[in-house]
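Q: This is the structure, below, for whatever I ask next.
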Amino acid sequence: MSSKSPAGGEQWASRIGVILAVAGSAVGLGNFLRFPGQAAQHGGGAFMIPYFISLLVLGIPLCWAEWTMGRYGGLNGFNSAPGIYSTLWKSRWARYFGAIALVVPLVIYMYYVVIEAWCLGYAIQYLTGSLMKEGSNAEVFQTHFDEFVGADANGALFQSRRLGFLVILAGTFIANFVLIYRGVSKGIETFCRVAMPAMAVLAFIVLIRVLTLGTPDPSKPDQSVLGGLGFMWNPDFSHLSDPQMWLAAAGQIFFTLSVGFGIVINYASYLKRKDDVVLSGVTACSVNEFFEVCFGGLITLPAAFIFLGAAAGSQGTFDLGFKALPNVFAQMPGGRIIGFLWFIVLFIAAITSSISMLQPVIAFFEEGFGLKRHASAAMLGLVSALGCGFVLYFSEGMVALDTLDFWVGSVLIIMLALIQAIIYGWCFGIERGAEEAHVGAHMRIPHFVQLMLKYVVPVYLITIFAMFCWNNVPSQDIDVATLDANVVAGLQEGELGTTLLATLAAHDIEAPAGSKLVSDGSDWRIVDADDALLIKLSGGEDGVALQRHKAGYYENIVNNPVALASVLFIAIILAFLLLLVHIAGRRWETEGRLTYP
């Protein structure tokens, strides 16, 4: 029999508080940096078609499911995923799937707090004016970022001349744990009630400045505010046939709403019986969409386009946020102030997300082993500090960070969302789910949404996961052109000759510095300075096939010791949490908190 109050003695103080906390967990760097970059690379306004389809088919239904499951689990004595899953699916196996809902937020926090410190560090540099003195050369900002984050060498951040960043990181790390130590209501809710409105006000100030830039350079009339908005939003419907676009849109929804992170289900477990999960879920989704579409979509890329032109659309998340935009602020009137406000916005967005990643594991330590909050925070602090140190040390090329982000921040998130859809739709049942969701609700979930959760969402997620793996895990050789057979005549191993370089340039291929030509039997390969394969030249009777090699994640891991170590690190953390879940589950069974048919 469920109680009327959540487990653990903690609960949200107000409805607006929990909505802002859930919205804060979802509003992060993905809204301000990842979303505009994805839209620009996948057809601009056309990207919004699969984006909103994914929102309606995946995002909102899964949010409702997570809110419902979380509140049900909290009223039945559990705040963490292993316990909540066990109340929904009366099986001993359920709690082990809950370990994934712990490893996802924990590992993401280990590298997310580092990015959070980047944002604070850049804000401080704008406040002091040190970053504005770097000049307006794009290469200067590239070098500055690489040195600031230690991308030039492993262990670089532990050099004495870079201790300033470690101090910033330590302060950021401590601030997160001070907030989480204060609890759900006094810590997370109180902070988000202040931070979310503050972030909206600051983002609005930056937005107004961007929209009033006009045409800064009269010699480039196309690079204007209207041109930037058009570059971001004008649809290119030819992209709709590209499966990668649909994958990108679905993936963005996961980041936008924190679906599959194991966070919403934990936050919802602190709701009371009569709290409205249906309306609260829709409201939280709406707040997230407002920040992403209205702020992320109108600030980041339009500002970059005004000063950098169409090249801004090809920037990755970090390139856009930490290299391109500082270059923009250096050329913008009042750029020092806007740069400071911008990175403060990113820092607030990051910290509201990062504290939410700690709470699910804190809750598990408390209810799984009877630990007090200070002991749980200390244990989690030790584990997360070790992981953070791993990311800091292996900073060269950000290989460790990227590997953790791919396997946890992409693959495991999709798997966890699939697990939760199956538990809700097939184990708990959509009839019970609808009945539970509508307790205290002021609006009803349409029945077809429940049917979607049971049938459509799992199929959609399996399809996305299969396509995601197909496009990213194996390596691919992409045909570029067929060349005359005489192209390979007279080739020699070593540096690339001028004729070969001209041939590559004619097909929009630029070989990086240090590239060389090596023989592969009757064929030839172009490799970079680290001997990674870039281009294949395969001879035949009909000519020479010019192929661009795209290394998949499997190849990258096998050939990179740091990437392999990162995957092993994830496996160790998961194994550790599975062991703890097993011990906690046996304890719950002994106490009679879990029973099975």
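Q: Could you list, in sequence order, the residues of region 178-194 that are of a type outside the set (Ser, Thr, Tyr), in contact (Cβ under 8 Å) with a residue 40 or more places away in the chain and part of a helix (DSSP H, G or I)?
A: Scanning region 178-194 gives LEU179, ILE180, VAL184, GLY187, ILE188, GLU189, PHE191, CYS192, ARG193.
Q: Next question. Of the conditions (1) in the same structural domain as GLY73 (by TED's automatic domain parsing); (2) free of Cβ contacts under 8 Å to residues at least 24 places away in the same chain; (3) outside any helix (DSSP H, G or I), GLY490 fails just one. Which one is it?
A: (1)
Q: Is one or more of the residues making up region 35-51 surrounded by fewer than 20 Cβ atoms within 10 Å (Cβ to Cβ), more than 29 Å from LYS323 (Cβ to Cβ) and either assigned by TED's automatic domain parsing to the domain that holds LEU279 or at pLDDT 90 or above (or both)?
A: yes
Q: Among the numbered criteria (1) of a type in the set (A, V, I, L, M, F, W, C); (2) touching a residue at least 24 places away in the same chain (Cβ under 8 Å); (3) surrounded by fewer than 24 Cβ atoms within 10 Å (Cβ to Cβ), which one does ILE208 miss?
A: Here ILE208 clears every test but (2).
Q: Filter region 424-453 down to residues that are on the phi > 0 side of the Ramachandran plot and in contact (Cβ under 8 Å) with a residue 12 or more places away in the chain, then give me how many there are.
A: 1
Q: Ok, one more. Identify, please: which residue in region 309-322 is surrounded by fewer than 21 Cβ atoms within 10 Å (Cβ to Cβ) and in contact with a helix residue (DSSP H, G or I) (Cβ under 6 Å, 6 or more places away or on another chain) and is, among those, farthest from THR143 (Cα to Cα)?
A: Residue satisfying both the conditions and the ranking: GLY313.
Q: Looking only at region 108-165, which residues are in a helix (DSSP H, G or I), over 18 Å from GLY389 (Cα atoms) and among the hydroxyl-bearing types (Ser, Thr, Tyr)?
A: Result: TYR122, TYR126, THR128, THR143.
Q: Being at pLDDT 90 or above and more than 30 Å from PRO6 (Cβ to Cβ) narrows it down to one residue among VAL345, VAL361, VAL328; which is it?
A: Testing whether each residue is at pLDDT 90 or above and more than 30 Å from PRO6 (Cβ to Cβ) leaves just VAL345.
Q: Residues in region 566-587: is at least one outside any helix (DSSP H, G or I), touching a residue at least 12 places away in the same chain (Cβ under 8 Å) and of a type outside the set (Asp, Glu)?
A: no
Q: Please tell me if ASN560 is buried (at least 17 other Cβ atoms within 10 Å of the Cβ), within 23 Å of the chain's Cα centre (by Cα) and under 17 Å from ILE478 (Cβ atoms).
A: no
Q: Would you pick out the residues in region 169-189 that are within 22 Å of TYR393 (Cβ to Cβ) and buried (at least 19 other Cβ atoms within 10 Å of the Cβ)?
A: Scanning region 169-189 gives LEU169, THR172, PHE173, ASN176, PHE177.
Q: So TYR554 clears everything in (1) in a helix (DSSP H, G or I); (2) among the aromatic types (Phe, Trp, Tyr); (3) over 30 Å from TYR109 (Cα atoms) except one condition, right? Which one?
A: Tallying (1) in a helix (DSSP H, G or I); (2) among the aromatic types (Phe, Trp, Tyr); (3) over 30 Å from TYR109 (Cα atoms), TYR554 fails exactly one: (3).
Q: Kindly provide the set of residues from region 465-522 that are closer than 30 Å to LEU247 by Cα and of a type in the set (Val, Ile, Thr), ordered by number.
A: VAL473, ILE478, VAL480, ILE509
Q: Scan region 273-282 and tell me whether some residue there is among the β-branched types (Val, Ile, Thr), in the same structural domain as ALA421 (by TED's automatic domain parsing) and surrounded by 19 or more Cβ atoms within 10 Å (Cβ to Cβ).
A: yes
Q: Okay, moving on. Among the residues of region 154-163, is any assigned by TED's automatic domain parsing to the domain that holds ILE351 and either of a type in the set (Val, Ile, Thr) or within 20 Å of ALA21 (Cβ to Cβ) (or both)?
A: For region 154-163, residues assigned by TED's automatic domain parsing to the domain that holds ILE351 and either of a type in the set (Val, Ile, Thr) or within 20 Å of ALA21 (Cβ to Cβ) (or both): absent.
Q: Something else about it: Over 18 Å from LEU418 (Cβ atoms) and buried (at least 22 other Cβ atoms within 10 Å of the Cβ) - does that describe any residue in region 87-105?
A: no
Q: Right, something else. Please pick out the residue among SER2, SER54 that is outside the structural domain of ALA303 (by TED's automatic domain parsing), in contact with a Phe, Trp or Tyr (Cβ under 9 Å, 6 or more places away or on another chain), modelled with pLDDT under 95 and not basic (Lys, Arg).
A: Every option except SER2 fails the conditions.
Q: Another question, then. Given the conditions (1) under 30 Å from the mean Cα position of the chain (by Cα); (2) modelled with pLDDT of 90 or more; (3) surrounded by 14 or more Cβ atoms within 10 Å (Cβ to Cβ), which single one is not true for LYS536?
A: (1)
The values are calculated or read from the model by the stated rules, or taken from the named source; none is laboratory data. As the structure is a computational prediction, the values presented were derived from the model and not from experiment. Positions of Cβ are backbone-derived with ideal geometry, glycine not excepted, and every protein chain shown enters the neighbour counts.
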